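What follows is calculated from the coordinates using simple rules that are stated; it is not laboratory data. From a predicted model like this one, the values you see are computed outputs, not experimental measurements. With ideal geometry, Cβ positions are generated from the backbone for all residues, glycine too; neighbour counts draw on all protein chains shown.
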Amino acid sequence: MPLFPVHRPTIGLSISGERLSLVELHGSWRLGRRNARLRHADERDLPSGLVRPSASDRNLSDIPALAQEVRALLGTRRTLPVALSLPDLCAQVGLFEFEMLPKQVAEQVNLLRWRFEHDLKVPMAEARLVHRVFHLSHRTSASDQKSSGPARVLAVAIRRDILAQYEQLCEQAGLLPVSVGIASLQLFDFCHSVMETAEELFFAHRSDDSFSFIAVRHGCPVFLRIKPLRQAQTDLTGELLGTLQFYDDQQLPSHRTSDARLRPLFFLGGHAVEQAPPSRADHSFPACHLSHPKGHMSSRIELIPLDWKDLPILSNELSSPPVSGLSAFASVMVS
């Protein structure tokens, strides 16, 4: 979900509280995703405190110093259009359901601003907002010329002063940000083509700063969670189980999947890949092994780690690109 797309770049830059990640694609990828060729990938650790991801306060403590770090990562590349991937925690993300959604975009935006302020208590006076509509075609509802019927809307709100900091960073580093988004949603968009079709599936991403989880039913997001994580917090299994249990507890009985059916969970994140079993067959676990001691999940979960080798890249000229570069790569591919 780009914040302001212009045209397709060949450079992607991902920023987190811990590091910068850069990828470069061959120019031929502009002909389509099937022509994507990874040419270069690199990362650079950042001094502590230089980037503090937050949706309520400015993120960059020293823009000139961070611009020097970006230029060091870029090397001899100068004045380039770039796709920018920002940390999840720098924005507010909401998933809203509407029985009747206006057709006019301006009316949708006004309604979403109201929902952010009243449902999530997020001040919207100085926020930039983008959104995507998922029409609920499997539901029956009357619609008219002014309404498109029932829908869910995935929306991102980011304070203008926070966005301005990242724009200033790019300007001082000699970059032109032609597409900007937040990491988890860029990865979700890009990985959609490799996530097998299922009535219900899950997507999770562990970054340096946060954990994100999206539940999808009939191709439509129905649940979203993004939460900060401490750097030393490594209990990813517990985080996944707790989120899955909470999600299942919120579902109506009619929406729950039968116990016999596997629900795929696609996971992106360096720690999860390192800890995952070696074969996909070992990723299936009985619900009792994954559920909270006092809870019961409605079916078994199949954990499917995703890595560079699983993504639709025509060729990869690098032997082992850093996992942290995936969000930078996704930012280019969805721009």
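Data table
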| read-out | value |
| --- | --- |
| Dipole magnitude of the range 50-116, debye to nearest 20 (Cβ charges: Lys/Arg +1, Asp/Glu -1, about Cα centre) | 320 debye |
| Cα-based Rg of the range 159-235 normalised by 2.2 N^0.38 Å, two decimals | 1.37 |
| Point-charge dipole on Cβ atoms (K/R +1, D/E -1) for the range 110-212, about Cα centre, debye to 20 | 400 debye |
| Listed peptides 223-230, 17-24 by packing density, highest first (mean Cβ within 10 Å) | 17-24, 223-230 |
| ARG39-GLU126 pseudo-label distance in nm [points 7 Å out on the Cα-to-Cβ vector] | 4.0 nm |
